[in-house]
Amino acid sequence: MFSEFVKYIKSFESDSLIYILLHHNADPDALCAGEALKELILQNNKEIIVKLFGDGINFSAKRILSGLNIKVINNYPEDTPNCIITVDTANLSQLGKYQNLLKLTNVTKIIIDHHDENELLKIADITVHSQDLGSTCLLIAQLYEEMHLIPSSKVSTMLICGHLYDSRRFIYGATVETFRLMSNLIRHNGNYDQANEYLQNEMSLGEKIARLKSSRRLNYKLVDKTIIVTSKVSAFESSSARSLIGLGGDVVFVIAKKPNEIRGSARTKLHDILNMGEILSQLAEEFNAELNQHEEKFQCSGGGHKNAAGLNIRPEISNNQQKRLMERFIEISESIINSKTQSSEKN
C-alpha cells in the first residue's frame, strides 16, 4: 500500500509542483492530514513546491488552523501541477470548486483516504487506502514511518488532533496499531493535551439553536424497536445529527439547506447492522439518476463510515424533493433492518 507512494515521492525533482486537496468544509482530520503530508514531502525534499488547497474549513478545524498556523489556499490555481493528492476525500463533488483539477491529463493523481467507500480510487494512479485505523491522520503517521522520517512536534500534535476528532476520542477504530501509532506520535513530542484542547470548542449560539430546531422539527419511525429519525435545519447538520442520537435516536439523518446546496449528515449507534456510508452512497446514486433524467444539472454524492456519513446535492433541490430524500433514507434503513431481523429469526 505504501511502497508505490514512497517510491514516487522520492523520485521528485527540485521545483516539482504538488497540489494537496482537502474536501470542502474540511474537518480536523482532513486539515491536519493535509498539512502533515505537506511537511512530510518537504522534509524529504525542501526544493519541491507543495500547496495546500481547501474549499472552506469547518468550525471544529478553524481553531486548529490558527493555533498551529496552518495556511490553506482558497483561490483556484492557475498552474498545472506535476501531481495532485487528495486526502480524506471519498468522491469528486466533495472537492467543491477544485474537482475539475482531477480531470487534468498528464497529472499523477494520488488518493489517501480511510473511508469505506471511495469512488476516487477508480481514477487514481497511486492509492494509500485503509479503513482500519480510524483516521486519515494515522495513515500519514504510517507514511512517516515508511519513509523513515520523524515528524516534528507540531506535526505529531496535529496528527494526534486529527485522529482524536475522527475517532471520537477512540470510540471508533481502536486497535493495537492505532494505539501504537498514537504512542509514537507522543514519543515524538506530540502534545496530546494541546491536541485535545484544540477540539474543546464551546458551542456557538447558532449551533445551540440548530440543535434545538432539529429536535422540534424531527420525524421518527419505529422499526422493530429501532428508532429512525429525520430532521431539517439550516446549518450545523452534523452537530444536530449527533444531538438527536443523544436524545434517543438509533439512526438519524439531518439535512441542511445551504446556498445552492443541500447537505445531509447521518449517524447511527447500530453500525453492526447499518452502514451509513453505504446508505448515503446509494441515496446519492438514486437521486443523481432521478434528478438528472432530462438534464445533467445536479451533482449528488454521498459516503463515509459505518457510523457516520455525509451527503451533498448541488444545486439545492425543492422542498418536496428534500422531503422525498428523507423518506427514502427511512425506506432504505427500514429495508435493511427488516432483512437483518428476518435473517436472525431464521437462524
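Only residues that are of a type in the set (S, T, Y) and either part of a helix (DSSP H, G or I) or at positive phi (or both): list them for region 279-335, please. First the steps, then the outcome.
So the first thing to find is which residues in region 279-335 are of a type in the set (S, T, Y), and the list is 281, 301, 318, 333, 335.
Passing the criteria: S281, S333, S335.
Identify, from the list L104, L120, the residue that is at pLDDT below 95, aliphatic (A, V, I, L, M) and surrounded by fewer than 20 Cβ atoms within 10 Å (Cβ to Cβ).
Working: L120 fails: surrounded by fewer than 20 Cβ atoms within 10 Å (Cβ to Cβ).
One residue alone meets the criteria, L104.
Within region 230-239, does at least one residue satisfy the condition of being β-branched (V, I, T) and modelled with pLDDT of 95 or more? Looking through region 230-239, at least one residue is β-branched (V, I, T) and modelled with pLDDT of 95 or more. All conditions in (1) acidic (D, E); (2) surrounded by fewer than 16 Cβ atoms within 10 Å (Cβ to Cβ); (3) on the phi > 0 side of the Ramachandran plot hold for D79, with the sole exception of (3).
Of the strands (runs of 3 or more DSSP E) lying entirely inside region 27-122, those containing at least 2 residues that are of a type in the set (D, E, K, R) and in contact with a strand residue (DSSP E or B) (Cβ under 6 Å, 6 or more places away or on another chain) span 108-113.
May I ask you to verify whether L270 is out of contact with any Ser or Thr (no Cβ under 9 Å at 6 or more places or on another chain) and either in a loop (DSSP other than H, G, I, E, B) or hydrophobic (A, V, I, L, M, F, W, C) (or both)?
Numbers: out of contact with any Ser or Thr (no Cβ under 9 Å at 6 or more places or on another chain): no; either in a loop (DSSP other than H, G, I, E, B) or hydrophobic (A, V, I, L, M, F, W, C) (or both): yes.
No; evaluated as a whole, the condition is false for this residue.
Against the test of being touching a Lys or Arg at 6+ places or on another chain (Cβ under 7 Å) and without any contact (Cβ under 8 Å) to a residue 60 or more places away in the chain, the options E296, E237 yield a single qualifying residue, E237.
Sub-6 Å Cβ pairs linking a first residue in region 73-99 that is closer than 29 Å to K10 by Cβ to a second residue that is at pLDDT 95 or above and basic (K, R), at least 6 apart or interchain, are I73/K51; I84/K109, ordered by first then second residue.
Across region 243-261, which residue is farthest from A308 (Cα to Cα) among those that are of a type in the set (D, E, K, R) and touching a strand residue (DSSP E or B) at 6+ places or on another chain (Cβ under 6 Å)?
Step one: filter region 243-261 for residues of a type in the set (D, E, K, R), giving 250, 257-258, 261.
So of that shortlist, the ones also touching a strand residue (DSSP E or B) at 6+ places or on another chain (Cβ under 6 Å) come out as 250, 261.
Numbers: D250: 12, E261: 20 Å.
This residue is E261.
As for region 180-192, it holds no residue that is under 19 Å from the mean Cα position of the chain (by Cα), on the phi < 0 side of the Ramachandran plot and not acidic (D, E). Filter region 234-252 down to the residues that are aliphatic (A, V, I, L, M) and assigned to a helix (DSSP H, G or I), then identify the one that is nearest to R263 (Cα to Cα). Once the filter is applied, the top-ranked residue is A241.
The values are calculated or read from the model by the stated rules, or taken from the named source; none is laboratory data. Because the structure is a prediction, the values reported are computed rather than measured. With ideal geometry, Cβ positions are generated from the backbone for all residues, glycine too; neighbour counts draw on all protein chains shown.
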